[in-house]
Amino acid sequence: MNFIFFVGGILALFYSMTRLSMPFRHWALIVGAALSAFTLLGGFNLLWGGVVWVLFLAPTIFLAVPDIRQRYLSNPLLYRIKKVLPPMSQTEKDAIESGTVWWEAELFRGNPDWDKLLAYKKPVLTTEEQAFVDGPVNELCEMVDDWDITNNRKDLPPEIWQFIKQNKFFGMIIPKKYGGLEFSAFAHSEAVMKISARSISVGVTVMVPNSLGPAELLQHYGTEQQKDFYLPRLADGREIPCFALTGPDAGSDAGSIPDSGIVCEGEFEGKKVLGLRLNWEKRYITLGPVATVLGLAFKVYDPDALLGDEQELGITCALIPSNLPGIDIGSRHFTLNAAFQNGPTRGKDVFIPLDFIIGGEKMVGKGWRMLVESLAVGRGISLPAVGAGSGKGTSRWTGAYARIRKQFKTPIGRFEGVEEVLARIAGLSYFMDAGRLMTLSALDSGEKPSVITAMLKYHNTEKMRQVLNDSMDIHGGRGICMGPSNYIGRAYQTLPVGITVEGANILTRSMIIFGQGAIRCHPYLVREMEAAGLADKKQAEKDFDTTLTGHMSYFTLNLIRAFSLGLTGSHLAKTPVNGRVGQYYKRLAQMSAAFAVVSDLALMMLGGALKRKEKLSGRFADALSYMFYTSAILKKFEDDGRPRVDLPLVEWSAKYSLNQVQLALDEILRNFPNKPIGLIIRLLVFPLGLSLRQPNDSLSQRVAAILLKPGEARDRLTKGLFVSESEDDITGKLEVAMRKVILADPIEKRLRAKKRQKPVFQSYEQWLVELVSADDISEQEAEILRQGSEATRDIIMVDEFAPGEIESGNLPVEKVA
């Protein structure tokens, strides 16, 4: 009986510790009081009582008595850290300190507050923003002929350039007082998403001036004179901007740019002024070939001490008219058959006055921080919107095609192999949009969540790659034949562009997400590093000991929480909602606690060496990212009003994400440098093994079915997509054809039941006439079948060109079949 009471007490303790957040010393007092009462009541015999008290008192006294703790633990650890702590470069420090910490910190720390998650505001368009998306954005989409743009013109037609400028598409982020639209991040994302799903070439042209570039940098760092001159001209398109950072010798390692600006005196517009003599070589610069104002990043050197004592002043950003003597600009790169303007720029001995520096002379050497702070916002909007738009378009159009296209007298979307792929397309599209929407909520509330935007850029572009590959597999030959009627080919061709820009994905995953996340999100790591860096020995020992005590309590409580939730299948975890969706909150709480333990262990054991363990860091990035996306999926379901028809999408994407978290943590522990420690921690955080499974076949079937017919869930999944109803547009033809085919379905089913199949030797029209004559179908039903057959034929046919046309390079705009 005593044993039962003791076990019950342990379970009650674990239950409390998984739900309540209290300091370690409070838990120690509670446990000490409980053990005392149990001992006084005769609950222990002498042997087991001694064992339990030793197990309790040894760590408690060790941690609670400052002199013992400092002498044997914190001081030795402090001096070890001082010895091995790697120096941090200024560029690393700027990158780590850029932006703000948001929801990812809750997940990182092992005990997420669901009330905080659900309290985040759902992004909503203002009346003005909605009118722009429904008006000029839709008009622009109507104007787009992507085949003509990409194959024949290799550029946007003049009327589209003019429309973009006239309607201030380049000024979405510019304040109204400067003539811009001053839209929210959500409106910016909605516009880019809709346009890029229609044409990536037009989408990129619109997104770049509103992303990391002159307008963004001017608003935050420019002088009033610079803002007054440039922002109105950027807003209405009189100036076309670009920003040049990447060069042949500095890509992802932007801090090593060799481009230079030497402080010197020179002549500008007939006056002798203090300025910079610039030399640079840049490439991959979007809008560069047509830019009238060039944003440029370079390193400033002051060999003659004209600005002060330092000679190397650091990375600096300037705005330079592209027509200055010595500037070479206008050549183009040919980026995977896309038509947006992209090319190199070079400058040789280009002289500019100091007031061309963004923010003026006082901002010399502060360019890197400007860039990483702006990137913390910009990479969370444009490219994630492109990914989400690709997912929505792929879901809607691939689903329609899979419903229309038949083999063995069955829509190919009903084959189990195709169902599996359709489910992945739909589930990942829901996944991408959920992440996009939650991040936009943060951005529009004033946050600059640099870690989350890095996650979003990486995963939305990677999932875009997956859904487009899947779409190509389903379309088969229909997808690989380019022409006016191919609606996925260009997106498939250009998807590596999104993978590459604004931080190459391999680098983003293996170095940035967890590298920044660990330092920014951990509640004690930064303070421990700061204490280790203090010159005052006594103060360093005191500060480090205080911080380490909190850190050890944090680790212990997370370990107990992870073990308790793992042992009970997460049933002890809190959830803000009931029903089937509630289990995903519980599972996410379990994964969060496990992540906190494993990441803390890696940081304690590997220290600064962890940043060189890029495979481990990449897996930590995966785990943290998929936890964020699971949160976003659950949040989106609540924000949408918990529509029951969306449950298959929610469950598929949540199961997929949680399974990926579990796999990432398992791979970390299996590859942990200290194998015994990795095995022990694996047993503690996964005591019942790997229990989170991928979506099963039944769930995948229900998800795929959403894409195969018009409906509320399909429309909500593809909300924000430009949907044409015109049969002159290939995507409009898909919409119309799917409805016609579905309308014909019950008639065809009835005929099959009567075994009234079309003879091979008979034409379709002859067969219909025969059926009407035999009273098997009515004239109206014959017309429904006729329209369904014609629509199917039109959709499955591919473009073909006359002899010599492909060689000429100037192919017809209209479909030839």
Considering only the other residues whose Cβ falls under 10 Å of the Cβ of LEU278, what net charge follows from Lys and Arg at +1 and Asp and Glu at -1? 0
With a ≥ b ≥ c from the Cα gyration tensor eigenvalues, square-rooted, and the rule rounded for a/c under 1.5, otherwise prolate when a/b > b/c and oblate otherwise, segment 703-817 is oblate
Using the scaling law 2.2 N^0.38 Å as the reference, what is the normalised Cα Rg of segment 527-620? 1.39
Under 10 Å, Cβ to Cβ, from ARG414 - net charge with Lys/Arg +1 and Asp/Glu -1: 0
Under a straight-distance cross-link criterion of Cα-Cα below 16 Å, which aspartates and glutamates are reachable from LYS271, leaving out those fewer than 8 residues away in the same chain? ASP355
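How much net charge surrounds GLU128 when only other residues with a Cβ under 14 Å from its Cβ are counted (Lys, Arg +1; Asp, Glu -1)?
After counting each charged neighbour, the total is -2.
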Mean separation of Cα pairs under 8 Å and 6+ residues apart, divided by the residue count of the chain: what relative contact order is that in percent? 15
Euclidean distance between Cα centres, segment 695-722 to segment 413-438, Å: 8
Is the C-alpha gyration tensor of segment 226-357 telling us rounded, prolate or oblate? Criteria: a/c under 1.5 is rounded; beyond that, a/b larger than b/c is prolate, otherwise oblate. oblate
How many nm separate the modelled label positions at THR100 and LEU690, each set 7 Å beyond the Cα in the direction of the Cβ? 3.8
For the chain, just say rounded, prolate or oblate: build the C-alpha gyration tensor, square-root its eigenvalues into a ≥ b ≥ c, call rounded for a/c under 1.5, and beyond that prolate if a/b exceeds b/c, oblate if not. oblate
Per-residue [θ]222 nm for the chain (sum of -39500 (n - 2.57) over DSSP H runs n ≥ 4, rounded to 500): -18000 deg cm²/dmol
Counting only protein heavy atoms, what percent of the accessible surface of segment 337-419 is carbon or sulfur at a 1.4 Å probe? 52
On a C-alpha basis, how far is the centre of segment 733-764 from the centre of segment 336-371 in Å? Whole number, if you could? 61
Please report how far the C-alpha centroid of segment 593-657 lies from that of segment 382-405, rounded to the nearest whole angstrom. 24
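The values are calculated or read from the model by the stated rules, or taken from the named source; none is laboratory data. Only a predicted model underlies this, so the values are computations on that prediction, with no experimental measurement involved. Ideal geometry is used to build each Cβ from the backbone, glycine not excepted, and the neighbour counts take in all protein chains shown. Heavy atoms of the whole protein, side chains included, go into the accessibility calculation; ligands, DNA and RNA do not. Shrake-Rupley method; radii C 1.70, N 1.55, O 1.52, S 1.80 Å.
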